[in-house]
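The values are calculated or read from the model by the stated rules, or taken from the named source; none is laboratory data. Bear in mind that the values here come from a model prediction, so they are computed numbers and not experimental data. Cβ placement follows ideal geometry from the backbone for every residue including glycine, while neighbour counts extend to all protein chains displayed. For accessibility, only protein heavy atoms count, side chains too; no ligands or nucleic acids. Shrake-Rupley method; radii C 1.70, N 1.55, O 1.52, S 1.80 Å.
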Protein chains: 2
Amino acid sequence: MVQRAAVVGLGLIGGSIGAALRQTGVSVHGFDTDPERAARARALGLVDEVLENIDAAVSNAEMVVIATPVLAVVDLLPRILTTATKAALIVDTASVKRPVTHSIDRLKRPVHALGGHPMAGKEQSGPEAADPALFRGRLFVFCPSANTTDQARDMARSLAAMLGSRPLFLDAEEHDRLVAASSHMPQLLSTALASYLDPESLAVAGPGLVDMTRLALSDTSMWRDIFVTNSDNVAAVTRGYIRRLEELIEIVDSQNIESIAQMMEAGRAAAESIRVASIP
Amino acid sequence: MVQRAAVVGLGLIGGSIGAALRQTGVSVHGFDTDPERAARARALGLVDEVLENIDAAVSNAEMVVIATPVLAVVDLLPRILTTATKAALIVDTASVKRPVTHSIDRLKRPVHALGGHPMAGKEQSGPEAADPALFRGRLFVFCPSANTTDQARDMARSLAAMLGSRPLFLDAEEHDRLVAASSHMPQLLSTALASYLDPESLAVAGPGLVDMTRLALSDTSMWRDIFVTNSDNVAAVTRGYIRRLEELIEIVDSQNIESIAQMMEAGRAAAESIRVASIP
């Protein structure tokens, strides 16, 4: 049984993990580069204690969760591998996994470290948005490196269980390709839609538009790192989307009522499959 | 004060209008081509009475609301203009307005008829999804024809007031261009996204994807008519969106962290403006 965990980065994801671990009886040390945000996370009861530096936060933990944007994960990982106890699990939560597993690959020795990506989130960010139930019923994807020990995989399964989520082990290449389609491209479509609309059309904005631009409100520094590090997959899959959209424009342009009805029925059936696949 | 109204088409919008009018003390006669759906609307208390044919439903009403897909509005309008009392307001609720105002234009005499479009909706359809509060705080756009009387405009304002919504008078050309951007294109983007995704990427589908494909669940027969009748505007504005999306792909492809951060900040600011403009 895990007794002490550390969470580095106390935003929505880190704060939610801290709160969920505390509910299972784990004592959680927290650290954030923004001391004010760390204090808010502590005041909200998401962590037991906030430490002034990262080394102090992770030194006694049996489990270290790095919940920062992906470029910071890659920066912090070597230092945390040095400071944390040898037996500790080290896992991150970023949405792109190749930079993390590559950085573990480069160590050339077995470590209890692997990449992680809980498939949960919301457009609000910061510790105030944290929720211990955020991961319940959701997938927690883990991407091992060749250097990841079997023990780390077992500890990762325990972490998922403590959060109420289902573990899924995927190759980092595969993960990054799949989430480019299912998560990163939808974000880009929402950002593009929000910034494309002429202010005059907002006079008649309705609930559908609000829905389709909700993702554009998401934390911008997290998404900046995601697009920088998964640019190849995001560009490729979004170019494919454009080709599909051009096909749909042709159908609309045709004014052929049967083709348009078929297009709508196919979209509706697909949207229903997405719900079956993704709602816990 | 209006005492008797008729609603033709008892789905989400017609049912919600019936329920809202009943709450203000108006007696509502309903009609639907599907007698089973009409019976459900009656059982749910959305209308006072269901009539077996459209002529009986509208004959004594002071206000007739045609809440059907737009091609059916154009079909029904001449008949309802003949059957309804001369003093009655006749208004529809479809999302495309040129076909309706053109059909009133062709009458070559003044009538108490105009196009209407309440800026409210949800992805569920049918009388079970009806809600008398659906229009509260929302815009109700009205598009007069050159044949529309001033009295019809006044009655339309009263209708909006009874639903708790704010009336806005727009030219039908202008309306159809604006809603192509703010409503019809977002629907097409959602339908395109749902039908584009490979089933394998659904293994890692998260809440963002569910958000972005919610519109694709909307009533397909309503949307079929919208795309058929507003194809020119939808195609033009969606081609513009594709050009914007191509610019964003270039930014992602560049892996330039500052340009990507700027792109995300611009999208977030725009999404916030959309909320200010559209949430009651």
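Here chain A is treated with +1 on each Lys and Arg Cβ and -1 on each Asp and Glu Cβ, and its dipole about the Cα centre works out to around 960 debye. Across the range A:186-201, computed HN-Hα scalar couplings (Karplus, 6.51 cos²θ - 1.76 cosθ + 1.60, θ = phi - 60°) run x, 4, 5, 4, 5, 4, 5, 5, 4, 7, 7, 5, 5, x, 5, 6 Hz from first to last residue, x flagging Gly and Pro. Counting Cβ atoms of other protein chains within 10 Å of each residue's Cβ and taking the mean over peptide B:116-123 gives 3.
Per residue, the accessible area of the protein assembly as shown comes to 38 Å² when a 1.4 Å probe rolls over the protein heavy atoms. Approximating the spin labels as points 7 Å out from Cα along Cα→Cβ, the B:PHE169-to-B:ASP150 distance works out to 1.0 nm.
3J(HN,Hα) along the range A:7-17, derived from phi through the Karplus expression 6.51 cos²θ - 1.76 cosθ + 1.60 where θ = phi - 60°, amounts to 10, 9, x, 10, x, 4, 6, x, x, 5, 5 Hz, with x in place of Gly and Pro. The distance linking the range B:208-231 with the range B:66-143 is 19 Å (Cα centroid to Cα centroid, whole angstrom). Label point of A:ARG153 (7 Å along Cα→beta-carbon): distances to the other copies' equivalent points are 7.4 nm, sorted ascending. When a/c is below 1.5 the answer is rounded, else prolate if a/b is larger than b/c, else oblate, so apply that to the protein assembly as shown with a ≥ b ≥ c taken from the square roots of the Cα gyration tensor eigenvalues. Because a/c hits 1.5 or more and a/b exceeds b/c, the protein assembly as shown counts as prolate.
Between identical copies, the spacing of B:ARG109 label points, each set 7 Å from Cα toward the C-beta atom, reads 9.5 nm from nearest to farthest.
Which of rounded, prolate, oblate describes the range B:219-280, given a ≥ b ≥ c as roots of the alpha-carbon gyration tensor eigenvalues and a/c under 1.5 marking rounded, otherwise prolate only if a/b is larger than b/c?
Oblate, since a/c reaches 1.5 and b/c is not below a/b.
If you wrap the Cα atoms of the range B:149-234 in a convex hull and average its projected area over all directions, you get 7.8 nm².
Distance distribution P(r), the range B:1-150, all Cα-Cα pairs, bin width 10 angstrom from 0: 13, 46, 36, 6, 0 percent. For the protein assembly as shown, the number of Lys pairs separated by eight or more positions or lying on different chains, with C-alpha atoms closer than 24 Å, is 9.
Based on alpha-carbon atoms, the Kirkwood radius and the radius of gyration of the range A:77-135 give Rg/Rh equal to 1.04. The calculated FRET efficiency for the pair A:ALA87 and B:ILE257, based on their C-beta separation and a Förster distance of 45 Å, comes to about 0.80. Decide, for the range B:15-97, between rounded, prolate and oblate: order the square roots of the alpha carbon gyration tensor eigenvalues as a ≥ b ≥ c, take rounded if a/c falls under 1.5, and otherwise choose prolate if a/b is larger than b/c, else oblate. Rounded, since a/c falls under 1.5. Net charge near B:GLY208: determine it from the other residues with C-beta under 13 Å of the C-beta of B:GLY208, scoring Lys and Arg +1 and Asp and Glu -1. Taking every other residue near B:GLY208 into account, the sum is 0. Semi-axes of the equivalent ellipsoid for the range B:66-167, computed as √(5λ) from the eigenvalues of its C-alpha gyration tensor and ordered from largest down, come to 23, 16, 12 Å.
How big is the A/B interface in buried accessible area, both sides summed, 1.4 Å probe, to the nearest 100 Å²?
8200
Which listed residue (A:PRO167, A:VAL210, A:VAL252) has the Cα farthest towards the positive end of the charge dipole for the range A:148-280, taking +1 on Lys and Arg C-beta and -1 on Asp and Glu C-beta about the Cα centre? Ranked along the dipole, the leading option is A:PRO167. Name the residues whose placed amide hydrogens come within less than 5 Å of the amide hydrogen of A:VAL64, ignoring near sequence neighbours (fewer than 5 apart) on the same chain. Those lying under 5 Å, H to H, from A:VAL64 are A:ALA6, A:LEU89, A:ILE90, A:VAL91.
Taking the square roots of five times each eigenvalue of the Cα gyration tensor of chain B, the equivalent ellipsoid has semi-axes of 37, 21, 17 Å, listed largest first. Across all directions, the average projected area of the convex hull around the alpha carbons of the range B:163-203 is 4.9 nm².
Which FRET efficiency, nearest 0.05, do A:ARG275 and A:GLU49 yield, Cβ-Cβ r, R0 45 Å?
0.65
Its Cα centre serving as origin, the range B:1-132 has a Cβ charge dipole (Lys and Arg +1, Asp and Glu -1) of approximately 520 debye.
Contact order normalised by length for chain B, with contacts defined as Cα pairs under 8 Å and 6 or more residues apart; what percent is it? Normalised by residue count, the contact order of chain B is 17 percent.
Residue-wise HN-Hα couplings along the range B:260-265, as the Karplus relation 6.51 cos²θ - 1.76 cosθ + 1.60 with θ = phi - 60° gives them from phi, are 5, 4, 4, 4, 5, 5 Hz; Gly and Pro carry x. For the range A:192-243, the equivalent ellipsoid derived from the alpha-carbon gyration tensor has semi-axes of 25, 15, 9 Å in decreasing order. Across identical copies of the chain, B:ARG239 has label-point separations of 2.2 nm, listed in ascending order, with the point defined 7 angstrom from Cα along Cα→Cβ. Split the accessible area of the range B:128-280 by element, probe 1.4 Å, and carbon with sulfur accounts for 49%.
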